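Please read the structure below before turning to the comments.
The values are calculated or read from the model by the stated rules, or taken from the named source; none is laboratory data. Everything quoted here is computed from the prediction, not taken from an experiment. Glycine gets a Cβ as well: all are built from the backbone with ideal geometry, and neighbour counts include every protein chain shown.
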Amino acid sequence: MATLFARNFRFLRTERDISQTAMGDLLGLTRASVDAYEDGRAMPPFRKLKKIADYFKLSIVAITEDDLSESPIEQEIKRVEKPEELLDTDVNYKFEEELSELNIKTEDDTGIPLVQKKSFRAYISKPSERLLAQCPRVYFDLPQISGYRAFDSQSDFPFEDSVLVCLPLKKISSAKNGERYLLISAKEGFQYRRVYNQAKLKGSLILSAEVPGIPISEIREGDIKEMWEVKAFMSMTLPEPKSDASEALKLVNKLKKELKRLS
């Protein structure tokens, strides 16, 4: 734990371009203590550890057990760099299974408004109540939670002609790494992506698509008009029975090139 904390402490300090002396002044520590913590020669007591974690707005678990120096793109490379597992795994089936646990229902039984592709431009301009009232309704047996909205999928979703059922993400900085979201922005329109959260460090999100040919991208938090957590989907397209491991290897190589470009 001390070694990982040391690496994280040094990474967080240098990421903010703060000297060891200045860091010590901010946290009520000596420069020698900061150096010892970063070098792994000492571990701060709980009270000081909590103060350090609070300063960086992190939990004690995160600062001691997570490798914060590992970039979101490196995390994504690890996720897809397992071709030997893909040979024995129906990836598309697992993907569908993860998203399709439909057990929901709207509170007033009026259905969920479906924003269709033809309305995307108007929705980006102004998602008014009048526009939503004109949307067709879809019905699912979902949990009784208000706020659901449905959207037509686009070519960046693995299953053609699908409907994505989503809940609003009220705070963009609370997005969970590796989870699937629908992002809406004036510049990029509607994007379905896996998200890797850099909001606290850089004020941005790293976006990774789940279909081949779409490069990893980065979007500033301030450019996002709305962000929706994809909870379920409905599709008339059946998944392929097996996924070719070579496609995963191609994706790994693309991710590594993108990491090199962004670094």
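Quick one: R261 ticks every box in (1) under 30 Å from K57 (Cβ atoms); (2) modelled with pLDDT under 90; (3) touching a strand residue (DSSP E or B) at 6+ places or on another chain (Cβ under 9 Å) bar one, so which box is it?
R261 satisfies every listed condition except (3).
Each row is one residue, and each column tells you yes or no for (1) in the same structural domain as R149 (by TED's automatic domain parsing); (2) modelled with pLDDT under 75; (3) assigned to a strand (DSSP E or B).
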position	(1), (2), (3)
I206	yes, no, yes
P212	yes, no, no
P215	yes, no, no
E229	yes, no, yes
F233	yes, no, yes
P239	yes, yes, no
K242	yes, yes, no
S246	yes, yes, no
K254	yes, yes, no
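Take S155 and tell me if it is surrounded by fewer than 17 Cβ atoms within 10 Å (Cβ to Cβ), modelled with pLDDT of 85 or more and closer than 20 Å to L207 by Cα.
yes
Keeping to the stretch 191-204, report how many residues are modelled with pLDDT under 90 and over 12 Å from the mean Cα position of the chain (by Cα).
4
Name the residues in the stretch 132-145 that are at pLDDT below 80 and either of a type in the set (V, I, T) or in contact with a helix residue (DSSP H, G or I) (Cβ under 9 Å, 6 or more places away or on another chain) (or both), would you?
Once the filter is applied, which keeps residues that are at pLDDT below 80 and either of a type in the set (V, I, T) or in contact with a helix residue (DSSP H, G or I) (Cβ under 9 Å, 6 or more places away or on another chain) (or both), the stretch 132-145 yields only I145.
Filter the stretch 179-208 down to the residues that are among the aliphatic types (A, V, I, L, M) and surrounded by fewer than 19 Cβ atoms within 10 Å (Cβ to Cβ), then identify the one that is farthest from R121 (Cα to Cα).
L201
Select the strands (runs of 3 or more DSSP E) contained entirely in the stretch 135-187, then report the ones holding at least 2 residues which are among the charged types (D, E, K, R).
Result: 149-152, 179-185.
Filter the stretch 132-157 down to the residues that are under 22 Å from the mean Cα position of the chain (by Cα) and closer than 12 Å to I112 by Cβ and list them by number.
If the condition is that a residue be under 22 Å from the mean Cα position of the chain (by Cα) and closer than 12 Å to I112 by Cβ, then G147, Y148, R149, A150, F151 are the ones that fit.
Checking the condition at pLDDT 90 or above and over 15 Å from the mean Cα position of the chain (by Cα), which residue from E160, E129, E188, E179 passes?
The unique qualifying residue is E188.
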